[in-house]
Every structure is written in structure tokens, then in C-alpha cells.
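Enquirer: Okay, handing you the structure first.
The values are calculated or read from the model by the stated rules, or taken from the named source; none is laboratory data. Note that this is a predicted model, so its numbers are computed, not measured. Cβ atoms come from the backbone with ideal geometry, glycine included; neighbour counts cover every protein chain shown. Just so you know, the surface numbers come from the protein's heavy atoms only, side chains and all, with ligands and any DNA or RNA stripped out. Shrake-Rupley method; radii C 1.70, N 1.55, O 1.52, S 1.80 Å.
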Amino acid sequence: YRNKMSFAFAPSETPDRKTLLGLRRFWEQSVVEVTDCGLQTPEVMRMLAGARQMVNKLGLEAWQGRGAGYLRFLVVHTPMYEPLGKKQMVVECITGDDHRRTGVARGDDNQKPLSNADKVRELGQTLMRDFGLTGFVHSERRHPADLAQGERRVFLAGSGEYQERFGHLVLAVPHNAFLQTNTDVAALLYAGVAEEAGLSGREVLWDLYSGVGGIALYLAERVKEAHGFEIQAEAVAAARKNSERLGHA
């Protein structure tokens, strides 16, 4: 039921030191390479298996902090909404900042050495081709905090945003902006706010921490004015875009 899920990279404890990709154990840094997940679609699991195979083929190492390693997270967005009947999947690969370090693919000493950044670009292009991604984003995160949130975009293929429907409302959402992860429950939440507010059409609505404008735009036709308050620049830009598209600018 989740429209977003974050998977972590980690080095294995085995002698081959391959790069693991999966979910963290509770209260641990070790990673379980999940092959099936009740919270995600079979398409995501197939893409995850392909990404896992590709990063090891390319010789990409998992980030270990203090300047060691590179790959940190793979964040997958799979909204329920299908514009024009097409499924959406936007994937963000979050890495450290050692983009220029070079190396060859494992088992292929004759290959021309590629930089870490070029390897991630190849990863993205392969996933786009083989698994029908609508977008792939390579983001950098320098901060040591173990958080699946990029700080700077390095590379983009396809679209860096997706669309999701909440009742009558369709929103465009950047890959790095906050959105409720359970779409059906978020739609119930918005409807519940509308019911509890008892709006008459004369009110001025303040949507605090408004993100891409979900609640404000859901209620915009029921109030005199709606104002969103948000600090993230990408979310503000998306909220303005959504407002203009819906005729509320």
C-alpha cells in the first residue's frame, strides 16, 4: 500500500564483499536482501533484483561513512495513479560525494575504467530500459546522518516527479518532496479535514507545512482564500505549479 519505500545499501560480511541492497534489520545497520515484500508491488521487487545485480556487476561499493564507499539508498516511488493508463515508477539513487573515483566492472579487467558517477548513470539507464521507469534521479548526500534524503541532484533521466490522486485531486510531486505514503489513507485524511472544518466558503485557510499543497488545494474550492506555508523550495515550486494547473493561482 505504500507509494514510497526506501531501501539501503550495505557491504556484505562475506569474503566477496559484494554490495547488499534491501531493508535494514531492526535497530541494526545490517541489511536483509528482500526478494518479496507485502508492502510493495512485484514490479518493484523485480526492479530491485535488477538493481542489486547491476551494482555488483559495475563494482559499486556501499557507503560506510568517513569517506569510504559510495552507494547509500535506493528510494522507489510507485504512485497508484496511472495517467493515461501508464504506471509510474520514479527511482532515486542516493550516494556519497566520491563521484570521480574510477574502477572497472568486477570480473572484466579489459573494460575501460568508469567513475562512480558514470556507473550510477549506467545503472539508471539500464533500469529505465529494462523496468520501464518513468524517472531516475542520482542524488548526493554528504551529511553523515543515516537518512534517505538527497542534498544535491547529480543526474536525471526521464522525469524527476510523479503524479498521485487523492479523491478528486491530482497532484504533481517532486521525488524529494514529502507525501503521505499511504494514498488511500491520505485521501480519507483530506476528506476528514474537510468534514471536521465545517467550511462555509468565507474562511481564510492556512495549511501549515503544506508540502506540495495537498490539504490547501483539496479545500481550495470550499474557502475564500487558501495559503500554504512550506520551507522546502522544491515543494513550494510544486505547490505553485499544482495551484496554477487547478486554476487556483
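Enquirer: To the nearest 20 Debye, how big is the dipole of the range 1-89 about its Cα centre, given +1 on the beta carbon of each Lys and Arg and -1 on that of each Asp and Glu?
Expert: It works out to roughly 200 debye.
Enquirer: For the range 145-216, what are the per-bin percents of Cα-Cα distances with bins 5 Å wide, up to the bin holding the maximum?
Expert: 3, 12, 21, 22, 16, 12, 7, 4, 3, 0
Enquirer: Roughly how many Å is it from the Cα centre of the range 104-179 to that of the range 1-30, as a whole number?
Expert: Measuring centre to centre over Cα atoms gives 17 Å.
Enquirer: Let me ask something else. In the chain, what percent of the accessible surface is made up of carbon and sulfur (1.4 Å probe, ligands and nucleic acids excluded)? Let's see the in-between values first.
Expert: Working: 6960 of 13580 Å².
Reported share for carbon and sulfur atoms: 51 percent.
Enquirer: Continuing with the same structure: What number do you get for the chain when its Cα radius of gyration is normalised by 2.2 N^0.38 Å, N = residues? If you can, show how the numbers build up before the last one.
Expert: Values: Rg = 20.1 Å, N = 249, 2.2 N^0.38 = 17.9 Å.
Rounded to two decimals, the normalised Rg is 1.12.
Enquirer: Now for a separate question. Taking amide hydrogens as modeled 1.01 Å from N in the peptide plane, which residues meet the under 5 Å criterion relative to PHE166, leaving out close sequence neighbours?
Expert: LEU171
Enquirer: When the Kirkwood hydrodynamic radius is evaluated over all pairs of different C-alpha atoms of the range 125-182, what value in angstrom, to one decimal, is obtained? Kindly include the intermediate steps, with their values, before the conclusion.
Expert: Numbers: mean 1/r = 0.0757 Å⁻¹.
Value: 13.2 Å, from the Cα pair sum.
Enquirer: With helices defined as uninterrupted DSSP H runs, which ones in the chain have an alpha carbon span along their own long axis of at least 27 Å and mean Kyte-Doolittle hydropathy of at least 0.5?
Expert: On the way: long enough: none.
Correct list, ordered by number: empty.
Enquirer: I've got another one for you. Over the alpha-carbon set of the range 22-166, divide Rg by the Kirkwood Rh and report the Rg/Rh ratio to two decimals.
Expert: Here the Rg-to-Rh quotient is 0.96.
Enquirer: Sticking with this structure for a sec: Run the dipole for the chain about the Cα centre, Lys and Arg Cβ at +1, Asp and Glu Cβ at -1, nothing else charged, and hand back the magnitude in debye, nearest 20.
Expert: Charge dipole of the chain: 580 debye, to the nearest 20.
Enquirer: Taking only the alpha carbons of the range 51-134, what extent do you get along each of the three principal axes, in Å, biggest first?
Expert: 44, 31, 18
Enquirer: Then there's this: Residues with beta-carbon under 12 Å from that of ILE94, excluding ILE94: net charge, scoring Lys, Arg +1 and Asp, Glu -1?
Expert: Residues close to ILE94 contribute a combined charge of 0.
Enquirer: Ignoring ligands, DNA and RNA, what accessible area per residue does the chain give at 1.4 Å, in Å²?
Expert: For the chain, the solvent-accessible area averages 55 Å² per residue.
Enquirer: With the cut-off at 25 Å, tell me which of the pairs LYS86/LYS119; LYS57/LYS86; LYS4/LYS86; LYS86/LYS241 have Cα atoms farther apart than that.
Expert: With Cα atoms farther than 25 Å apart: LYS86/LYS119; LYS57/LYS86.
Enquirer: If you count the DSSP beta bridges with both ends in the chain, what percent of them are antiparallel, to the nearest 5?
Expert: Once the DSSP bridges in the chain are tallied, antiparallel ones form about 75 percent.
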